[in-house]
Amino acid sequence: MIKSEQKNSVLFEQNAAYYWLCLKKGLARIFHQPKYRVVAVLYWAAAALLIIKCALPPENQLDKLLQPLALFGLVVCSVLIFLFAVTMCAIPVGSHRFANAFRAINLVNSAGQPPLILSKERRDDNMLVEVLCFGITMDELLKRQLEIEAALNMKVAAIKEGADCQHIILCLAPGTAKLPERIYLPKTDKAADNPNLVLGQSLFEEVVVNLDSTPHILVGGSTGSGKTTMLKVLIQQALQKSWQVDLIDMKGGQDYSPAWQQACNLCDNAQYALTVLSGVVQELERRKDLFGQISRRFNIECSSIADFNRLRPENPLRRRLIVIDELAELTDTTGLDKNNKELAAKIVKQLATIARLGRAYGINLVFGVQRGDANVIPGQIKSNISYRVSGKADATLSMIILDNTSANEMIPKDSRGRFINHDGVVFQGYILE
């Protein structure tokens, strides 16, 4: 625990840092927004008139002696009043209400300081709030999301990182806001070079995965949570972009029509899956050599498929998406004989190579799992899966997929197509018409 005198010192430093940031924000607003610039000019014009009047020759000797002191005091007061007004105007309206709401649930640091609001932006009925957190981590906010919603009477649609570790963005929706039960996949950008895939709608915005920054996706959840529907939504977008799609479904593709099976190169047995994955690894090595040739030819770094296609537009590479519906059927060796265990080990080795190296070369993995423990997703693969999504799940399954119990706490048990990602964003997944 912090001693009383130390606590006061810490609070003073933190408040000083907060007001300094507000002052800088207010000054920046004056320089960049004409209406605030006009107000500042009028203020200083009035202050200049007072200073000039005070500087006129005094009528008696006493006033003459006091005039320098009066001028100095007037200038200092003018500056202080200006800085105080700029700082106060930069503090968002309602910041005290937010701070008191955080205090009500004891969301404070060891010195008793709650998150402090730096900015608040309205987006229709929603709100984007930037908070300054001294010693309160983003993980802590995610863990206490339900408490924050109850305190603010608003839905927390997302919690995102800000400019640094102390700046955190809260995406808020009205307390009465609800997600629809069905949302059809809208028209999306069909350009082959667009790495974005859409998953669904949160209370705040569309949920999008950028495969350049988050190359591999894990979709988990219990039976009936909508995993296969989400996989089909991702496949549909990939096909529209003319990407090459390999679908590995050990259930024989019963959830996919013959047209889908043909468009996606369906694999329905482990041996064929190993052949396909081995071919993908060979393609990865081929692309690695091509990237090296382009780098040497142009004497420039070629570190992504986007760089390669920009440097060699006459013969671009296609992005390749490998979708595995129910990964356990390929990788779980429980109860298998020696030959099948060896086959599974070879498959895991190829998947690990693709997961580790595929990002730069435009080769991406999408896994659908009902049970994502270490027997199904070895650590060497899971550590390279940067985007994780879970449908309804119990606490154990949620912990396996997301490393927390959010799927159990945030998703109603009777929901279908409702998901939560690793950042704590709850959304309704798209479905196909």
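When the residues of the stretch 304-331 are filtered to those that are part of a loop (DSSP other than H, G, I, E, B) and more than 25 Å from G253 (Cβ to Cβ), the one that is most open to solvent (accessible area, probe 1.4 Å) is E314. Within the stretch 168-185, the set of residues being open to solvent by 60 Å² or more (accessible area, probe 1.4 Å) and in contact (Cβ under 8 Å) with a residue 40 or more places away in the chain comprises P180, E181, R182, Y184.
The C-beta contact set for the stretch 195-220 (first residue without any contact (Cβ under 8 Å) to a residue 24 or more places away in the chain and open to solvent by 30 Å² or more (accessible area, probe 1.4 Å), second residue of a type in the set (V, I, T) and not in a loop (DSSP other than H, G, I, E, B), distance under 8 angstrom, 6+ apart or interchain) comprises N196/V208; N196/V209; E206/V198; V208/V198. Of all residues in the stretch 333-354, those that are closer than 10 Å to L277 by Cα and open to solvent by 100 Å² or more (accessible area, probe 1.4 Å) have Cβ atoms under 7 Å from Cβ atoms of residues that are among the hydrophobic types (A, V, I, L, M, F, W, C) and part of a helix (DSSP H, G or I), 6 or more apart or on another chain, in K346/L274. Within the set of pairs 6 or more residues apart or between chains, which connect a residue that is under 11 Å from V425 (Cβ atoms) inside the stretch 155-167 to a residue that is small (G, A, S) with Cβ atoms less than 6 Å apart? Filtered contacts from the stretch 155-167: A157/A173; A157/S202; I159/G424. Inside the stretch 89-108, can you point out the residues that are of a type outside the set (S, T, N, Q) and not in a helix (DSSP H, G or I)? Matches in the stretch 89-108: I91, P92, V93, G94, I105, L107, V108.
Hey, which of the helices (runs of 4 or more DSSP H) in the stretch 371-413, taking only ones fully inside, have at least 2 residues that are under 28 Å from L146 (Cα atoms) and out of contact with any Phe, Trp or Tyr (no Cβ under 6 Å at 6 or more places or on another chain)? I'd like the intermediate steps shown before the answer.
Details: elements: 379-382, 395-402, 406-410.
Correct list: 395-402, 406-410.
Of everything in the stretch 332-347, what is in a helix (DSSP H, G or I), of a type outside the set (D, E) and out of contact with any Ser or Thr (no Cβ under 7 Å at 6 or more places or on another chain)? Give them in sequence order. Spell out the reasoning first.
Within the stretch 332-347, the subset in a helix (DSSP H, G or I) is 338-347.
Retained after the next criterion (residues that are of a type outside the set (D, E)): 338-341, 343-347.
K338, N339, N340, L343, A345, K346, listed by residue number.
Do we find a residue being of a type in the set (V, I, T), open to solvent by 30 Å² or more (accessible area, probe 1.4 Å) and assigned to a loop (DSSP other than H, G, I, E, B) anywhere in the stretch 263-281? Outline the logic, then answer.
To start, the set of residues in the stretch 263-281 that are of a type in the set (V, I, T) comprises 275-276, 280-281.
From what's left, open to solvent by 30 Å² or more (accessible area, probe 1.4 Å): 275.
Checking which are assigned to a loop (DSSP other than H, G, I, E, B) leaves us with none.
No.
Scanning the stretch 377-390 for any residue that is closer than 30 Å to L290 by Cβ and in contact with a strand residue (DSSP E or B) (Cβ under 6 Å, 6 or more places away or on another chain) turns up at least one such residue.
Look through L357, L365 and report the one residue that is crowded, with 16+ Cβ neighbours inside 10 Å and either of a type outside the set (A, V, I, L, M, F, W, C) or farther than 22 Å from V233 by Cβ (or both). Spell out the reasoning first.
Numbers: L365 fails: either of a type outside the set (A, V, I, L, M, F, W, C) or farther than 22 Å from V233 by Cβ (or both).
The match here is L357.
The residue that is nearest to L432 (Cα to Cα), among those in the stretch 282-303 that are open to solvent by 30 Å² or more (accessible area, probe 1.4 Å), touching a residue at least 24 places away in the same chain (Cβ under 8 Å) and part of a helix (DSSP H, G or I), is E283. If L231 passes every condition in (1) closer than 24 Å to A393 by Cα; (2) hydrophobic (A, V, I, L, M, F, W, C); (3) surrounded by fewer than 19 Cβ atoms within 10 Å (Cβ to Cβ) but one, which one does it miss? Evaluating L231 over (1) closer than 24 Å to A393 by Cα; (2) hydrophobic (A, V, I, L, M, F, W, C); (3) surrounded by fewer than 19 Cβ atoms within 10 Å (Cβ to Cβ) leaves (3) as the failure.
Does L83 qualify as being at pLDDT below 90 and open to solvent by 10 Å² or more (accessible area, probe 1.4 Å)? Against the criterion (at pLDDT below 90 and open to solvent by 10 Å² or more (accessible area, probe 1.4 Å)), L83 does not qualify.
Can you work out which of the residues in the stretch 110-135 that are farther than 24 Å from A173 by Cβ and within 24 Å of the chain's Cα centre (by Cα) is surrounded by the fewest Cβ atoms within 10 Å (Cβ to Cβ)?
Restricting attention to the stretch 110-135, the residues satisfying the condition of being farther than 24 Å from A173 by Cβ are 110-113, 134-135.
Right, trim to within 24 Å of the chain's Cα centre (by Cα) and you get 134-135.
On the way: F134: 20, G135: 13.
Out of the qualifying residues, it is G135.
Being open to solvent by less than 30 Å² (accessible area, probe 1.4 Å), farther than 30 Å from I30 by Cβ and hydrophobic (A, V, I, L, M, F, W, C): is that true of A101 here? Against the criterion (open to solvent by less than 30 Å² (accessible area, probe 1.4 Å), farther than 30 Å from I30 by Cβ and hydrophobic (A, V, I, L, M, F, W, C)), A101 qualifies.
Of these, G429, G368, which one is in contact with a Ser or Thr (Cβ under 7 Å, 6 or more places away or on another chain), over 19 Å from V276 (Cβ atoms) and part of a strand (DSSP E or B)? Break it down into steps so the answer makes sense when it comes.
On the way: G368 fails: over 19 Å from V276 (Cβ atoms).
G429 is the lone residue from the list that is in contact with a Ser or Thr (Cβ under 7 Å, 6 or more places away or on another chain), over 19 Å from V276 (Cβ atoms) and part of a strand (DSSP E or B).
The values are calculated or read from the model by the stated rules, or taken from the named source; none is laboratory data. Keep in mind that this is a model prediction, so the values were computed, not measured. Positions of Cβ are generated from backbone atoms using ideal geometry, with glycine treated the same way; all protein chains shown enter the neighbour counts. All accessible areas refer to the heavy atoms of the entire protein, side chains included, with ligands and DNA or RNA removed. Shrake-Rupley method; radii C 1.70, N 1.55, O 1.52, S 1.80 Å.
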